[in-house]
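A.B. asks: Structure provided below as structure tokens; questions to follow.
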Amino acid sequence: MTDLEIVRKKVANLKALKTAFQCFRDTSTSALARKFNGLVNEVTLYIYRAKLLDSMDELQGDSDNQINEFIRDVEAFEQRTIELLGLDAKFGGK
């Protein structure tokens, strides 16, 4: 799988997360809704960033560093989200 294919897979996962976060945001108490709104905003930025990377790759073909940085950033975001939502302990994480 190429780096760009990994980015596209991450984007598909991010879009699913965004939908879930929007549902949680719309049905949560105000404090929790603000937390989910922040997550929705952050996911949206990653999705736009991925679209930019995709177009950069087509234009210049030399975006490997940006793509690798994006993948690391999204994986760090995924980990922060797991910790924030307390899913780590529930599913046998650290």
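The values are calculated or read from the model by the stated rules, or taken from the named source; none is laboratory data. In this text, all values refer to a predicted model and were calculated from it rather than measured experimentally. A quick note on method: Cβ atoms are made from the backbone with ideal geometry, for glycine too, and the neighbour counts reach across all protein chains shown.
A.B. asks: Scan the range 44-94 for residues that are among the polar types (S, T, N, Q) and at pLDDT below 90 and jot them down.
C.D. replies: Residues of the range 44-94 that are among the polar types (S, T, N, Q), as a first pass: 44, 55, 60, 63, 65-66, 68, 79, 81.
Within the range 44-94, SER55, GLN60, SER63, ASN65, GLN66, ASN68, GLN79, THR81 qualify.
A.B. asks: Pairs needed: first member in the range 62-76, more than 11 Å from LEU4 (Cα to Cα); second member anywhere, among the aromatic types (Phe, Trp, Tyr) and at pLDDT 85 or above; C-beta distance under 7 Å; at least 6 residues apart or different chains.
C.D. replies: Close Cβ pairs (under 7 Å, with a partner that is among the aromatic types (Phe, Trp, Tyr) and at pLDDT 85 or above) amount to VAL74/TYR46.
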